[in-house]
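Written below as structure tokens is the structure these notes are about.
The values are calculated or read from the model by the stated rules, or taken from the named source; none is laboratory data. This structure is a prediction, so every number in the text was calculated from the model and none was measured. Reconstructed Cβ throughout: ideal geometry from the backbone, glycine too, with neighbour counts over all protein chains shown. Ligands, DNA and RNA are stripped out before the accessible areas are found, and what is left, the full protein with its side chains, is counted by its heavy atoms. Shrake-Rupley method; radii C 1.70, N 1.55, O 1.52, S 1.80 Å.
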Amino acid sequence: MSERLPDPALVVLVGASGSGKSTWARDRYRAEEVVSSDALRGVVGSGPHDLDASADAFALLETIVAARLGRGLTTVVDTLGLEPERRRAWLAAGRAAGLPAVAVLLATPDGECRRRNAARDRPVPAPVLAAQLTRVRAVADELVDEGWDVVREVTGPEPPAPTTPAAAPATAPDRRTSAGLEVVLQVSRFPWGEDPSAWLRAVALAADRAGFAGLALMDHLVQIPQVGRAWDPIPEPWVTLGHLAALDTSLTLGTLVTPASFRPAGIVAKHAATLDVLSGGRAFVGVGAGWWEREHLGFGLPFPSDRERLDLLESGIETMRALWGPGTRAYDGRRVSLPETTAYPRPVGPLPVIVGGGGERRTLRIAARLGDAVNVRFDPATFDHKVAVLRGHCREVGRDPSDVALTVLDLPVVGRDRDDVWARVERLRGRTAAAAYARRTHAGTVADHRERYADLAARGVSTVFVSLHDLAGPDDVEALAGLTR
Ligand code: CTP
Ligand code: MG
């Protein structure tokens, strides 16, 4: 299958009548994304073939193309595309909008174009088609000189862009995707209606069926503004995870992330060890410094300075590890001293600690020293840099960098198909411009995100925590099954 085209992008179609331009566009783009001179002739004239309406139709087309490009939205220009001046103007407008410019040449064999043309209700006169076909051959070279970012030549039928694959088999023994990473569902909103327990169980069972490696919960006392309203329910995660531990799934269970400022670290160690035992060794614990002052103050918790919270994070991991180790002897560590480490039950096995946050001076250093993994919000522009900083800290503290796994938190918009993706962007974007919101959330289909995750795997990411802004229930989770393949 041919390479995926950039998106968003300016896409200019080029080809003779009947070469299949409109069909190609219809198979890949939403109707609103395709700006067609024929369709606009039908809008301002008597129909798509009303040549008297051409000037008006093209004036409209230029207005629409300019408006869409100005908003950074994908625009597919469906005309014959044979006039170099028009193509150059669109190319310049695409560049000005900062969008990649794609020319798609429908190089369908002449005989096939003639055959399709003849079969149409209103065929183009044979000499006109012949002139177009001659012109198309010259255009192939012109496109190369014009400087398009991508020139795609389509000679035969291509398979349409893949949409959501069917659900994964119920019992996936290995929970890694074919690209080699694990996908964990982070549940951050709880529209559970009248039966919270049933909703939570259904979501977890759906995640298991869909092949997710695990389920993570945020640890907040008040729903955060990035996700919902302050009066939306947000359950205490350790209690909730204990509830889910009783289900017959192979999901790992843990927090992403527990703020060091909420509970004394020994108590978190106790929660996590208990969860590990009750779940048969499936617990993990994400820890962070905590950041939201409001929830601390509202619950009567101190909110110490950044530096003190980072100290708490560092000493907290040390405390947890001391309490999870074998035996009961006294612990005398770098920041923590305990007169004994009598803590039963012990976790079933090594209990992974994921350090959340990308702070380069302290957080990543703490992760390098004490973490099994680090978790950062994925940003293509900064990710490799953060990894380099982490690796540098590892070397300085004498830790093998490959012992600290890279995990990312991904907050995507995922839709069944292109129409659904854009309906969701429209619903979720608030006052953010649609193109910017779509870019930030990598808005796309399951197939798009799967491809992106394969790229993350190639950059060394071992686990993606995926959190949906519009997760309503188990059906939404099952629809993500293709992500875990
Ligand atoms: N068609 C086909 N197989 C394809 C592509 C197109 O049989 N792979 C048929 C379409 O069903 C249509 C005709 O060929 O009946 C012309 O296809 P269309 O996409 O409309 O061609 P365009 O290049 O858009 O033609 P025009 O310039 O006239 O708009
Ligand atoms: Mg057409």
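Report summary: the helix-based calculation at 222 nm, which adds -39500 (n - 2.57) for every DSSP H run with n ≥ 4 and divides by the residues of the chain, gives -12500 deg cm²/dmol.
Each residue of region 232-243 was assigned a 3J(HN,Hα) from its phi angle through the Karplus curve 6.51 cos²θ - 1.76 cosθ + 1.60 (θ = phi - 60°); the sequence is 6, x, 9, x, 5, x, 5, 4, 5, 5, x, 4 Hz, with glycine and proline shown as x.
A 1.4 Å probe run over the chain, with the rest of the protein chains in place, finds 46 Å² accessible per residue.
Peptides 33-46, 402-415, ordered by how many other C-beta atoms sit within 10 Å of their residues on average, highest first, read 402-415, 33-46. Computed on region 10-154, with alpha-carbon pairs under 8 angstrom and 6+ residues apart, the relative contact order is 35 percent. What percent antiparallel are the DSSP beta bridges of the chain, to the nearest 5? Counting only bridges with both partners in the chain, antiparallel ones make up about 5 percent. For Val287, nonlocal amide neighbours, meaning residues 5 or more places apart or on other chains whose placed amide H falls under 5 Å from its own, are Thr258, Ile354, Val355, Gly356. Computed 3J(HN,Hα) for region 139-152, one whole-Hz value per residue from the Karplus formula 6.51 cos²θ - 1.76 cosθ + 1.60 where θ = phi - 60°, is 5, 3, 6, 4, 4, 4, 6, 6, x, 5, 5, 9, 10, 10, glycine and proline marked x. Peptide packing: for 69-76, 367-374, 290-297, the average count of neighbouring Cβ atoms within 10 Å per residue gives the ranking 367-374, 69-76, 290-297, highest mean first. Rounded to whole numbers, the Karplus 3J(HN,Hα) couplings from phi for region 15-24 are x, 5, 4, x, 6, x, 4, 5, 5, 4 Hz, using 6.51 cos²θ - 1.76 cosθ + 1.60 with θ = phi - 60°, and x at Gly and Pro. Between Glu360 and Val44, the modelled labels are 5.3 nm apart [label points 7 Å from Cα along Cα→Cβ].
Beta bridges from DSSP with both residues in region 261-401: antiparallel share about 25 percent, rounded to the nearest 5. Per the Debye formula on identical point scatterers at the alpha carbon atoms of the chain, with no solvent, log10 I(q)/I(0) at q = 0.06, 0.09, 0.12 Å⁻¹ is -0.37, -0.72, -1.04. With contacts taken as Cα pairs under 8 Å and at least 6 residues apart, region 182-484 reaches a relative contact order of 20 percent. On the protein heavy atoms, probe 1.4 angstrom, tell me the percent of accessible surface of the chain carried by carbon and sulfur. That share works out to 55 percent. Model label sites at Ala31 and Ala96, defined 7 Å from Cα along the beta-carbon direction, differ in position by 3.0 nm. Hey, rough spin-label estimate for Ala118 and Asp141, points 7 angstrom out along Cα→Cβ, what's it come to in nanometres? Distance between the two pseudo-spin positions: 3.1 nm. With R₀ fixed at 41 Å, the C-beta to C-beta distance from Asp195 to Ala330 puts the FRET efficiency at about 0.30.
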